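What follows is a short report on a single structure.
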Amino acid sequence: QSSLLARWWTPTAFNFALVLTALCLSVLCEVWRRPRPRNTVLLGVLLCALLHWHTLVALALGVALGAGVAAALPGLARKDRIGAGAQAALLGGTALAAWVLARPYLNSVTLQSGGGQLMRWHLSTPNVAGLLFSMGPIALAGVLGRPRLAAETRRLATGVLLGLVVPYLFFDLPGPAEEKLYFPIFTLLAAAAGPALDSAWRRGGLPRAAVTLVLLGALLSAAVTARAFLGDRRPPRELFIGDRAPGVWLFTRDEEAALRWVRDHSPRDAVLLQAPRPFSNEPLLVFGERRLFLGPAEFFYRATFYPGSTRPPAPPAVWAELKRREALQAAALSPRPLTPDTLALLSRYPWPLYLWQDASLGGGMASPTLLGTDSLARVVFASPTVRVLELFPGRSPR
């Protein structure tokens, strides 16, 4: 995770999910109008990719796909029952194939969780307010633009829209996760709003004035948002740690020097133990260019939407290893002596192990067993607030 590609890739996962959502919606309409093998295969590939990339958006889109087909099927059946059945079977089979292809990943990581319930089925008032305030004019234009959609896709688009809106309004997700369900709605409504805005503008008079007000409101919203972002004076340091060191924008001098030492002097395959940070952004991965003994993996595994206590949220062997590392790291960074078994388990890992001892993380604690002898841990970098210790110095690599 320390490569340049990873730094570009990691923070943009949801952006790719939005692109895939727009493609899925476009291809869905195309398959409904002109079902061809190429379009159908492309839709299946896109759904499968979205299931891997952003499962929550994919599941919401799957519900919308089913709702859209259910809404459009009666109209098509009145003209051609056999064609309607074939169309429904085609789209249903495509969605099922995408699900089957993605199931090994979903089953091992996503569908079960040992944590608490993260998705609750009830009307979310903040979600309703967010939809009205952030998308009100465009939502209205999208509804008004419905009659101008092509007849063969009008019912489909209406069903898809309802299938997207219902989960957004009734699923109460943790934190700001509702945005994952909001933007697919906007993708569809914005496309439907175009014909309505164009028609109103061409009519002139009051309709054109209404469109002008919508555009001015959009510009005002963009300006207010830009001002808020540009006026945010919080230092980027708050992305990875909660303390507000006076005058520090990113790293203290001690932290910068320690990261430089790790990057320039530790082996490329070195792995560092470190007290958990309050946020998942990790300087050692990006600026130190080294791996962590235990990063925020457990956090990501538990950030799922299908709770269950019958099994861990990862394959048992992976989960057992994560819990083992969690216990070992907590012991090494505690004020308690280490047992011989703990030392033996730590020494069995095949990589060069280092310990990042930072006064801003966990009070800078480390086990007295490691600090009391050079045979178990050797200080390789020291500053007033940060120290880096090499564990088991002189050990031959495995």
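The values are calculated or read from the model by the stated rules, or taken from the named source; none is laboratory data. Keep in mind it's a predicted model, so treat the numbers as computed, not measured. For neighbour counting, all protein chains shown are included, and Cβ atoms are generated from backbone atoms with ideal geometry for every residue, glycine included. SASA here: full protein model, heavy atoms, side chains in, ligands and nucleic acids out. Shrake-Rupley method; radii C 1.70, N 1.55, O 1.52, S 1.80 Å.
General remarks:
- Within region 246-266, being part of a loop (DSSP other than H, G, I, E, B) and under 19 Å from residue 281 (Cβ atoms) holds for 248, 249, 250, 251, 252.
- Residue match in region 324-339 (condition: modelled with pLDDT under 90, surrounded by fewer than 19 Cβ atoms within 10 Å (Cβ to Cβ), more than 22 Å from residue 269 (Cβ to Cβ) and hydroxyl-bearing (Ser, Thr, Tyr)): no
- Every condition in (1) over 22 Å from residue 365 (Cα atoms); (2) modelled with pLDDT under 80; (3) among the small types (Gly, Ala, Ser) is met by residue 242 except one, and the failing one is (1).
- Only listed residue being over 23 Å from residue 161 (Cα atoms), open to solvent by 30 Å² or more (accessible area, probe 1.4 Å) and modelled with pLDDT of 75 or more, chosen from 38, 7, 33: 38
- Neighbours by Cβ (under 6 Å, 6+ apart or cross-chain): first from region 318-334, farther than 15 Å from residue 292 by Cα; second in a helix (DSSP H, G or I): 331/342
- Residues located in region 217-245, provided they are open to solvent by 90 Å² or more (accessible area, probe 1.4 Å), over 21 Å from residue 274 (Cβ atoms) and in a loop (DSSP other than H, G, I, E, B): 233, 234
- Search result, residues across region 261-293 that are in contact with a strand residue (DSSP E or B) (Cβ under 8 Å, 6 or more places away or on another chain), surrounded by 20 or more Cβ atoms within 10 Å (Cβ to Cβ) and more than 22 Å from residue 331 (Cα to Cα): 262, 266, 288
- When region 282-322 is filtered for residues that are in a helix (DSSP H, G or I), closer than 25 Å to residue 361 by Cβ and modelled with pLDDT of 80 or more, the ones remaining, listed by number, are 283, 284, 285, 286, 321, 322.
- Residues within region 363-372 that are in a loop (DSSP other than H, G, I, E, B) and crowded, with 18+ Cβ neighbours inside 10 Å, tallied: 2
- Identity of the residue in region 191-209, under 37 Å from the mean Cα position of the chain (by Cα) and open to solvent by 40 Å² or more (accessible area, probe 1.4 Å), that ends up nearest to residue 140 (Cα to Cα): 197
- The set of residues from region 378-398 being over 15 Å from residue 270 (Cβ atoms) and either crowded, with 19+ Cβ neighbours inside 10 Å or among the hydrophobic types (A, V, I, L, M, F, W, C) (or both) comprises 379, 382, 386, 387.
- For residue 212, the conditions (1) modelled with pLDDT of 80 or more; (2) under 30 Å from residue 274 (Cβ atoms) all hold with the exception of (2).
- Among the residues listed as 375, 347, the single one being under 24 Å from residue 267 (Cβ atoms), free of Cβ contacts under 8 Å to residues at least 24 places away in the same chain and surrounded by fewer than 15 Cβ atoms within 10 Å (Cβ to Cβ): 375
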